[in-house]
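Let me begin by presenting the structure, written as structure tokens, before commenting on it.
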Amino acid sequence: MKQEATIEGGVIRFGKLGGVAVITLTNPPVNALGAGVRQGIAKAIDRAAGDEEVKALVLTGAGRCFSGGADIREFGQPPADPTLPAVIARVEQCVKPVVAAIHGVAFGGGFEVPLGCHFRIAAPDSRFALPEVKLGLIPGAGGTQRLPRLIGPEKALGLILSGDPIGAEEALRLGIVDEVVKGDLVDAAVAFAEARVAEGGPLKKARDLTPDPPPDGFFDGQRKNIERRARGLIAPWHCIQSVENAVTLPFDEGLKKERELFVECRDSEQSKGQRHVFFAEREAAKIPDVPKETPVQAIRSAAVAGCGTMGGGIAMTFANAGIPVRVLETSDALLEKGLGVVQKNYAATVKRGRLTEADIAARMDLIRGTTDYADIADADIVIEAVFEEMAVKKKVFGTLDAICKPDAILATNTSTLDVDEIADATKRPDKVIGTHFFSPANVMRLMENVRGARTSPETIATVMALSKRIGKVGVLVGICDGFVGNRMYHHYTRQANFLLEEGALPDQVDRVIYDFGFAMGPFAVGDVAGLDVGWRIRQRRAKTRPADERYSPIADRICEMGRFGQKTGTGWYRYEEGGRTPIPDPEIEALIVQVSKELGIERRTITDDEIRERCLYALINEGAKILDEGLALRPGDVDVIWIHGYGFPVHRGGPMFYADQVGPREVFEATSRLAEAHEELRPAPLLERLAKEGKGFKDL
Ligand code: COA
């Protein structure tokens, strides 16, 4: 390329191929559009505009993608000029044709820049998205104004509200890109630009198009659709408003309003929480004593021991990622039953239109059942998902160790048992690790990866990388009862149960937690998960429970009545035949009142504030203890666990982030006050220290 030079500290390259200026974003890893890049694009556009030799411009990205969008780290800092909308306006106003040449991702601002170009061509691997809503934002650089003009408000809003990516072919079908090209992208873009120059036609500017009006009532219909999902959130509603503005207001006015709505979102606590989660998820992948260079074993095939609910879901997760997986069961009948459930789950996905019959056939083809251990001897990793009983697990691990190839990783999906003790059943404790999936395993994104005392760095690095590959967020935790997530959950539900004994009812507790932003309160969750699971665990623990520890018998009494939740039609609530709506049950109210009486507790009015404080501060307090014990590496890891494993509202940023928002001093004072009547809420030493030092979990 002629006269290639760099601009703005090397983040932009400027070169010429014939009469076409090629401007390349070179800001690894994802060409985020930070201040330097924005300045560089503006300068490069000016240079090309003023260069008589240049007849057209190509804008492209170096490395793995076009651009991952605005630099999210800058959102918390004072804005620096030029803003992205100003840069895009400069691109759009250029009197010479500007062609965006896109490969890899074009997300957020990385999609809005091409929308301001006059033409767009894309490599087959390109993916387009406006994912701002996932960060509590709206697209703030013209996306909500240009995209509806280009493809119509209905399709544009679909993309903006979901934040999900589409591929090159769909972008072509929708009219987002002009061509999908194979071979060298820049060469193709230059040829495309030269052809436009030769044609001499008008420049296509999205701002000049008139969006097709949607059907009457479309926007209100969309508002209705998101009522439940987006309750308490700001961004989704602003997305709808801004796209509506694209239809009702002139371009410049719509753009101005878009900026106002964007700034309101950007400065909200919600977006701060969501941005925190974005970075916390990525931080969780970094393990201080397992450096980036640690060798990672290739995982070409997997096996799952046990095809119950968890085993089947785990097998689906591998198949969904294109990894062949063998499923081992003890009998043909159990195998048939388990694989039948897998097939049924896939069929439901087809019904919802998320996958085609052909997709399912391909995935089912990757899942092979067997009852013979010898068939899984070659697997690179085996995930054990058998009955939650130490003796059973040890037996399975002993057999796996004898049969599997020497370098195979043996992982356990235990949610409570000691991974080190399981590892003792093998001669390869360095290859033994916990991979705690959450139910339903093919849906929930969390993988708590449990490090044993002898788990090797290679095994950890391999399993952390595998988590990402199979679409999960892996978080490394240490060994303790319930690991991080369930240990905290135990303290949360414990408070919920005590509140019942003292005067609350399940639907009040659940409503408060729902209003906080969880999809469901603890009692509704119990009914979905099945109450017998916890009952079994409590029975096992009964032997070791200190006699003077406060223990609520209500849940056990409900199980003794044969009420195991939705699957039996009754649990904490009752359910209409085949229904899933929890209906408060007078029988349960009577039981709760009876238990209070038996325990000699005088029932009182419980306020919503007390419910919120006791349930959430119990979580935070236990999280603080876990951090002190080093069982989670950082507060952000605890947040990620709760967001992806337990439905903690993402816009609250997770329990530890929420504690910082409330203020550790406030949480400390409240727990100290509550501990006078509820000893179990005595503040953790770490919480006390932070409160006294005026610090937050973010400072750890
Ligand atoms: N701003 C700042 N940093 C970003 C970024 C952005 N828009 N997008 C990615 N990064 C950083 C990540 O934090 C990570 O940093 P690290 O290596 O220090 O942890 C690095 O780039 C790689 O990102 P990662 O997500 O691990 O890589 P990936 O290849 O799996 O995914 C993306 C790349 C771009 C698809 C993904 O990072 C993404 O979705 N980014 C956000 C896009 C977005 O929402 N843009 C709109 C902003 S308003």
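Annotations for the structure displayed:
- Accessible area of TYR658 in the full protein assembly, 1.4 Å probe (Å², nearest 10): 30
- The alpha-carbon of LYS351 sits under 22 angstrom from the alpha-carbons of these lysines, leaving out residues fewer than 8 places away in its chain: LYS155, LYS337.
- The slack between ARG229 and ASP699, meaning 0.36 nm per residue of separation minus the straight C-alpha distance, is 166.0 nm.
- Cα convex hull of the chain - mean projected area over all directions, nm²: 33.2
- The convex hull drawn around the Cα atoms of the stretch 325-394, when projected onto a plane and averaged over every direction, covers 5.7 nm².
- Of the accessible area of the stretch 396-546, computed with a 1.4 Å probe over protein heavy atoms only, carbon and sulfur atoms account for 57 percent.
- The largest accessible area among LYS472, LYS405 belongs to the first residue in LYS405, LYS472, and the rest follow in falling order (1.4 Å probe, all chains).
- When only the Cβ of Lys, Arg, Asp and Glu is charged (+1, +1, -1, -1), the dipole of the chain relative to its Cα centre reaches about 800 debye.
- Amide H contacts for THR570 (H built 1.01 Å from N in the peptide plane; partners 5 or more residues away or on another chain; cut-off under 5 Å): PHE564, GLY565.
- Lysines with Cα under 22 Å of LYS55, excluding same-chain neighbours fewer than 8 positions away: LYS2, LYS16, LYS43, LYS96, LYS204, LYS205
- Axis angle, to the nearest 10 degrees, between helix 608-628 and the longest C-alpha principal axis of the chain: 90 degrees.
- Residues whose amide H falls under 5 Å from that of VAL58, counting only those 5 or more places apart or on a different chain, are ALA21, VAL22, ILE23, VAL99, with hydrogens built in the peptide plane.
- Loop-resident GluC sites (Glu not before Pro) (DSSP state other than H, G, I, E or B) in the stretch 302-397 with no more than 14 further Cβ atoms inside 10 Å of their Cβ: GLU389.
- Total formal charge among the other residues, if their Cβ is under 11 angstrom from that of ALA191, Lys/Arg +1 and Asp/Glu -1: -3
- Formal net charge of residues neighbouring LYS405 (Cβ-Cβ distance under 9 Å; K, R +1; D, E -1): -3
- For the stretch 528-661, the calculated P(r) over all alpha carbon pairs, in 10 Å bins from 0 to the bin holding the longest distance, is 10, 26, 37, 24, 2 percent.
- Ellipticity estimate at 222 nm from DSSP helix runs (n ≥ 4, -39,500 (n - 2.57)) divided over the chain, nearest 500: -15000 deg cm²/dmol
- Ranked from largest to smallest solvent-accessible area, with a 1.4 Å probe on the protein heavy atoms, MET364, MET520 come out as MET520, MET364.
- Extension reserve of the VAL392-GLU421 stretch, reckoned as 0.36 nm per residue once the Cα distance is removed: 9.2 nm
- Sequence-separation-based contact order of the chain, relative, with Cα cut under 8 Å and 6+ spacing, percent: 9
- Relative to its residue count, the stretch 597-637 spans a Cα convex hull of 97 Å³ per residue.
- 0 to 90° range, to nearest 10: angle between helix 309-320 axis and the chain longest Cα axis: 20
- With all protein chains modelled, accessible area of MET561 [1.4 Å, Å²]: 80
- Full extension of the chain segment joining GLU629 with VAL662 gains 9.5 nm, where the gain is 0.36 nm per residue of separation less the Cα-Cα distance.
- Per residue accessible area in Å² of the stretch 578-700, where ligands, DNA and RNA are left out and the probe is 1.4 Å: 45
- With 5 Å bins from 0: P(r) over the stretch 409-567, alpha-carbon pairs, percent: 2, 8, 14, 18, 17, 15, 12, 8, 5, 1, 0
- Under 12 Å, Cβ to Cβ, from ILE376 - net charge with Lys/Arg +1 and Asp/Glu -1: -3
- Charging the Cβ of each Asp and Glu at -1 and of each Lys and Arg at +1, and nothing else, the dipole of the stretch 569-700 about its Cα centre rounds to 320 debye.
- Surface accessible to a 1.4 Å probe, TRP237 within the full protein complex, Å²: 70
- For ASP401, ASP515, the ranking by accessible surface with the largest value first comes to ASP515, ASP401, using a 1.4 Å probe.
The values are calculated or read from the model by the stated rules, or taken from the named source; none is laboratory data. Worth saying up front: this structure is predicted, and the values here are computed from it rather than measured. Ideal geometry is used to build each Cβ from the backbone, glycine not excepted, and the neighbour counts take in all protein chains shown. Heavy atoms of the whole protein, side chains included, go into the accessibility calculation; ligands, DNA and RNA do not. Shrake-Rupley method; radii C 1.70, N 1.55, O 1.52, S 1.80 Å.
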